[in-house]
């Protein structure tokens, strides 16, 4: 089976490793990308005729390297290398290369490729765009579509970002253990940003941005294959899977956001949930908790509940308390307050979020949660003010519409019957 | 004679299939499976989760060693498999350790099952 769909899938899956190896070889990002591109073109011509190679990734690296060298030689008018069509059997060369690819430096190659996209001088959205272009191989057009900007604007953004990372110097030396762990952490953060870029979309945007979530899951799994015993990477992968599993249920027909409690749980993707739960289980065995694992464990408790009322809120409250400890942030406390309201009532939750007001005065969700708690306590007028504030801070039409629904309910309830 | 047909493929490439491509392959496989099932010739069929969800138990030493990830050696060969029902990975590992105590040497790869069709073979 060497049809185009198969070749396409093989080229996509080989890309991070192949580009990473070519980058180590040429020490030039553009040249590495061009060499990979050339190898892909040759694969499209060669594989349907000769059948797929035993190790597509090794084939692409070798052919890409030869093609680029060939190009250099041709330009210097010296003798060209034999064309890869003339080499009928790549077996020996492949075996040799595959041997070297198995060694641990392939892991550092791919990590390096991901890491250079995370240059601290680059704003988060540019890090993500660069990773999508270089590592995932999405076209500029596809990335522009997902970011809702014009193709030329995205082209410019990526070119600038590339110049910046290359100008900053790519770290080619093999990292030490501490540095490697730091790189993994930085890359994991970028992958989660990428996921959220897709996940936080709503309305008409949600459909075009879902591929960002899928790419993030693919990158998280790539990272997990490189670092199979890193519980935080298991947690990250699980978190993305468990959240993305709810994608179908999260948006109503008119693009409005449907909250967890009101979602049709039959629309949740059971296979993704099963995989996410298995990874949470695997991570917890290490007893080295971290923010991704705790968030994944929270998502797992929601996923396990067949109905909203089956949710283990007190366990979720405890997990948020752990998260507050690991990664203190007013947003985490705000999320915890939702669990607290279920376990200890709206009064306790309200007391918990009041001190957050100065820090979250520009945050849509703060006023949304505050309004909902006040509403439960029957403080309708204060609730209305909070909801009004939430609407004025909403980022998307769908967010605003959701709050308006609460307001409508409030108005209806407060009218004399 | 019963035969086991073990499925090998490039995991990254299969993982790169779109939802539609995956569904198309599965429905083509369903056609074959359903025919075999009707003839009473289909035993259990399992689709496993990706190797990223795997854990390996090396039982060739006094204290079995638990390693994250799939079985990746080439000096041992696949000789059999179990499907067990357990509430957690911890519990599955306990079962594997117990089995390993009865038959030391080699390794078990513990991999969650995504889909299981018990089949129709009467033995």
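Values computed for the structure shown
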{"item": "Residues located in the range A:192-222, provided they are over 11 Å from the mean Cα position of the chain (by Cα) and assigned to a helix (DSSP H, G or I)", "result": "A:204, A:205, A:206, A:207, A:208, A:209, A:222"}
{"item": "Residue ID - nearest to the other protein chains (Cβ to nearest Cβ), chosen from residues in the range A:7-22 that are surrounded by 24 or more Cβ atoms within 10 Å (Cβ to Cβ), without any contact (Cβ under 8 Å) to a residue 60 or more places away in the chain and within 16 Å of residue A:226 (Cα to Cα)", "result": "A:14"}
{"item": "In the range B:84-115, the residues that are over 19 Å from residue A:279 (Cα atoms) and either within 14 Å of chain A (Cβ to nearest Cβ) or within 15 Å of the chain's Cα centre (by Cα) (or both)", "result": "B:97, B:107"}
{"item": "Residues of the range A:237-280 satisfying the condition of being within 11 Å of another protein chain (Cβ to nearest Cβ) and not in a helix (DSSP H, G or I)", "result": "A:269"}
{"item": "Test result for residue A:235, in contact (Cβ under 8 Å) with a residue 12 or more places away in the chain and within 20 Å of residue A:182 (Cβ to Cβ)", "result": "yes"}
{"item": "Those residues of the range A:1-37 which are assigned to a helix (DSSP H, G or I), over 21 Å from residue A:114 (Cβ atoms) and out of contact with any helix residue (DSSP H, G or I) (no Cβ under 7 Å at 6 or more places or on another chain), in sequence order", "result": "A:4, A:6, A:8"}
{"item": "Some residue of the range B:102-116 being loosely packed, with under 14 Cβ neighbours inside 10 Å and closer than 26 Å to residue A:270 by Cα", "result": "yes"}
{"item": "Scan of the range A:281-290 for residues that are buried (at least 20 other Cβ atoms within 10 Å of the Cβ) and more than 11 Å from chain B (Cβ to nearest Cβ), ordered by number", "result": "A:290"}
{"item": "Any chance residue A:239 is over 21 Å from residue B:14 (Cα atoms) and modelled with pLDDT of 95 or more", "result": "yes"}
{"item": "Matching residues, the range B:66-84, being surrounded by fewer than 11 Cβ atoms within 10 Å (Cβ to Cβ) and in contact with a helix residue (DSSP H, G or I) (Cβ under 9 Å, 6 or more places away or on another chain)", "result": "B:82"}
{"item": "Tally of residues being modelled with pLDDT of 85 or more and either out of contact with any helix residue (DSSP H, G or I) (no Cβ under 8 Å at 6 or more places or on another chain) or within 14 Å of another protein chain (Cβ to nearest Cβ) (or both) across the range A:70-108", "result": "1"}
{"item": "Single unsatisfied condition, residue A:225 versus (1) at pLDDT below 95; (2) in contact with a helix residue (DSSP H, G or I) (Cβ under 8 Å, 6 or more places away or on another chain); (3) more than 10 Å from every other protein chain (Cβ to nearest Cβ); (4) not in a loop (DSSP other than H, G, I, E, B)", "result": "(3)"}
{"item": "Number of the condition not met by residue B:63 [criteria: (1) exposed (fewer than 12 other Cβ atoms within 10 Å of the Cβ); (2) within 14 Å of chain A (Cβ to nearest Cβ); (3) more than 17 Å from the chain's Cα centre (by Cα)]", "result": "(2)"}
{"item": "Failed item in (1) assigned to a helix (DSSP H, G or I); (2) touching a helix residue (DSSP H, G or I) at 6+ places or on another chain (Cβ under 7 Å), with residue A:309 passing the rest", "result": "(2)"}
{"item": "Residue within the range A:241-257 that is farther than 22 Å from residue A:197 by Cβ and either surrounded by fewer than 22 Cβ atoms within 10 Å (Cβ to Cβ) or free of Cβ contacts under 8 Å to residues at least 60 places away in the same chain (or both) present", "result": "yes"}
{"item": "Residue within the range A:28-43 that is over 27 Å from residue A:226 (Cα atoms), surrounded by fewer than 18 Cβ atoms within 10 Å (Cβ to Cβ) and away from every other protein chain (no Cβ under 14 Å) present", "result": "yes"}
{"item": "Failed condition for residue A:198, given (1) over 18 Å from residue A:396 (Cβ atoms); (2) buried (at least 24 other Cβ atoms within 10 Å of the Cβ)", "result": "(1)"}
{"item": "Residue among A:305, A:297 that alone is surrounded by 21 or more Cβ atoms within 10 Å (Cβ to Cβ) and either more than 23 Å from the chain's Cα centre (by Cα) or farther than 27 Å from residue A:106 by Cα (or both)", "result": "A:297"}
{"item": "Qualifying position, being more than 14 Å from chain B (Cβ to nearest Cβ), assigned to a helix (DSSP H, G or I) and surrounded by fewer than 15 Cβ atoms within 10 Å (Cβ to Cβ), among A:165, A:184, A:178", "result": "A:178"}
{"item": "Matching option when the condition is in contact (Cβ under 8 Å) with a residue 12 or more places away in the chain and within 12 Å of another protein chain (Cβ to nearest Cβ), among B:51, B:120, B:74", "result": "B:51"}
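The rows are residues; the columns are (1) closer than 28 Å to residue A:185 by Cα; (2) without any contact (Cβ under 8 Å) to a residue 12 or more places away in the chain.
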position: A:267; (1), (2): no, no
position: A:279; (1), (2): yes, no
position: A:282; (1), (2): yes, no
position: A:286; (1), (2): yes, no
position: A:299; (1), (2): yes, no
position: A:312; (1), (2): no, yes
position: A:315; (1), (2): yes, no
position: A:345; (1), (2): no, yes
position: A:349; (1), (2): no, no
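The values are calculated or read from the model by the stated rules, or taken from the named source; none is laboratory data. What you see is a predicted model; the values in this text were computed from it and never measured. Counting neighbours? That spans all protein chains shown, and the Cβs are built from the backbone with ideal geometry, glycine included.
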